[in-house]
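One structure below.
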Amino acid sequence: MIEARGLVQTFQSREGKAKKEVRAVDGVDLDVAEGEVVGFLGPNGAGKTTTLRMLTTLLKPTEGTARVAGYDVVKDSVQVRRRIGYVSQSGSTGSLARGGDEVVDHGMLYGMSQREATERGKQLFDQLDLPGLWTRQPKAMSGGQRRRLDIAMGLIHEPTLVFLDEPTTGLDPQARANLWEHIADLRRRRGATVFLTTHYLDEADALSDRIIIIDHGKIVAADTSDNLKAQVSGDLVVLEVSDPDRVADAATRLESVAEQVTVDGSHASGRVRRAAKAVPGLLRDLQAADIDLESIEVKRPTLDDVFLTLTGRSLRDAEASTEKADPETSKEK
Amino acid sequence: MRFLRESFIIFRRQLRMNLRNPAWVLIGLMQPVLYLFLFGPLLKPMAKQFGYDNAWTFFVPGMLVQLGMFGAFFAGFGLISEWRDGVVEAERVTPASRTALLMGRLWRDLLQLFVQAMVLVGLGYAVGMEAPARGVVAGVVLTLLVGGACAAASNALALTTKSEDSMAPIINVVMMPVLLLSGILLPMTLGPKWLERTSDFMPFRWIVDAVRSSFLGDFGNDKLLWGTGWAVLLFALAMWWGTATFRKENA
């Protein structure tokens, strides 16, 4: 569905008086198979939206090629546009227009007849939980409703490939969870291939078959969430010891199965490969040594741990530093 | 065919939103009416001085061109807020022709201008303007050409600056010399020679002159030719610029 090779996008940016070339996207290769749901994860300013804009024919790559839905994004951009749906970060409906009108007009720009677009639009409104909002103005809708309206716009021509740019940014947790359901439905009910960008780890984790991580315009990893997490050396096991004097002993026992063991107060923790298998043995070991535990906790690695392992900084730090280094991140959008 | 259909879809959408917010249409209509009734009477006693028997026949054509230019200059502001809403991006991701995206918006601007022009001409006749029908038709066509040019340029400027704050001063900078040097309010012939020569370099002055002479029913002079030439040229240039910005990949 998507096959990109060596995509590069450079912008001119001014830093004081000197002009500087910024490589927002720096040699990106991507492969997405039909029917896949792929999460494109990275901190703000990593080049996610820029990559997406190149794949959706909105931005011409400075270098490199991409075939999307079987066509070249530069040479056959019209064919690509016919086949893809794009739900942009900024929304897609005029605040003064009415929801239904926007969806119908959008469908008609894809060559649908007014009747066809209206019928399909009403179906989508039903499926996306937008009852009675056909004649409402987007500015009078809630954030979640507006987002679902954007998705209805992107689906009106029944695309086989849907791009979602930061679909849940700015939504409250309930609206997010609801939107996730609808995004999961895109494949379940329509068999669509979905490519979504996000800087939320849990979102990428919950929705995608495969995760592609981008940082500083380069792909740093692309694999299933489980495989990526397996790259982090194991699960985090935290022991809370009843008798503070025995924490050191507990830590020694933990070291026999764990790496990076640390002690903090009455807690000893370490990274354990395949904790599910190692923990029973560890518990027997502790019991034999007469060390009582208040609690034991096993934490699966998160994508944040993955990001930390791959780039040496946590996703949150990365966000903070890009914001500082590049006050013009908004330019990319 | 496809191009016309796509332009029509855009046009209909724009028109629908405009009619839903008629305040702007009314403000647009008020402007020429106010000029006509609050400035027109000042010209009446002076008309003889610059060779007109009827002050209104001098004044209405000028108002018409002013309406065409200044109303259209502001057309782009609406586009900036549409761009901010993501509408422009959403339209550009469809297979629709980029020129149609601009054209549909121009049709709306031209329709609005046409209605305003009709009101102005109607009021002009009501207060005593004397002009042959074919002269008025020619004058309105020229006005629509100028209006189309200004609206296209304004849309292009809007997509280039993407900010009301940087667009407003640019428009002001352009508007002042256009207003002062095109002889809309008073004929340039009233002033000293150097000022009149300076105004020769202002394309809009030729257009104002052309609309005036067509309202006088005077089709035989080269004023009309010059004015039409400038109007067509400006229209072509602005269309080219407008289409180029809608086509440009990072607009």
query: Going by the structure shown, is A:Tyr86 under 28 Å from the mean Cα position of the chain (by Cα), of a type in the set (Phe, Trp, Tyr) and open to solvent by 40 Å² or more (accessible area, probe 1.4 Å)?
result: no
message: From the list B:Gly86, B:Gly104, B:Gly78, exactly one residue is out of contact with any strand residue (DSSP E or B) (no Cβ under 7 Å at 6 or more places or on another chain), at positive phi and within 11 Å of another protein chain (Cβ to nearest Cβ). Which is it?
response: B:Gly86
- request: Just need a number here: residues in segment B:10-55 that are within 14 Å of another protein chain (Cβ to nearest Cβ) and either in contact with a His (Cβ under 9 Å, 6 or more places away or on another chain) or open to solvent by 60 Å² or more (accessible area, probe 1.4 Å) (or both).
  value: 4
query: In the list B:Gly147, B:Gly217, which residue meets the criterion of being part of a helix (DSSP H, G or I) and either surrounded by 16 or more Cβ atoms within 10 Å (Cβ to Cβ) or within 14 Å of another protein chain (Cβ to nearest Cβ) (or both)?
result: B:Gly147
task: Would you list the strands (runs of 3 or more DSSP E) that sit entirely within segment A:201-316 and hold 3 or more residues that are in the same structural domain as A:Asp165 (by TED's automatic domain parsing) and buried (at least 20 other Cβ atoms within 10 Å of the Cβ)?
output: A:210-215
query: Do the conditions hold for A:Arg67, that is, is it open to solvent by 40 Å² or more (accessible area, probe 1.4 Å), part of a helix (DSSP H, G or I) and either more than 10 Å from every other protein chain (Cβ to nearest Cβ) or touching a residue at least 12 places away in the same chain (Cβ under 8 Å) (or both)?
result: no
query: For segment A:158-195, how many residues are within 14 Å of another protein chain (Cβ to nearest Cβ), open to solvent by 30 Å² or more (accessible area, probe 1.4 Å) and at pLDDT 85 or above?
result: 1
task: Restricting attention to segment A:70-96, report how many residues are within 17 Å of B:Arg92 (Cβ to Cβ), touching a residue at least 12 places away in the same chain (Cβ under 8 Å) and at the interface with chain B (Cβ under 7 Å from one of its Cβ atoms).
output: 9
- request: Report whether or not B:Gly71 is buried (at least 19 other Cβ atoms within 10 Å of the Cβ), under 10 Å from the mean Cα position of the chain (by Cα) and in contact (Cβ under 8 Å) with a residue 24 or more places away in the chain.
  value: yes
message: Tally up the residues in segment A:8-26 that are of a type outside the set (A, V, I, L, M), open to solvent by 40 Å² or more (accessible area, probe 1.4 Å) and part of a strand (DSSP E or B), please.
response: 8
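The values are calculated or read from the model by the stated rules, or taken from the named source; none is laboratory data. Remember, predicted model here, so these are calculated numbers, not experimental data. Quick reminder, even Gly has a Cβ in these numbers, built from the backbone with ideal geometry, and neighbours come from all protein chains shown. The area values use the complete protein model at the heavy-atom level, side chains included, leaving out ligands, DNA and RNA. Shrake-Rupley method; radii C 1.70, N 1.55, O 1.52, S 1.80 Å.
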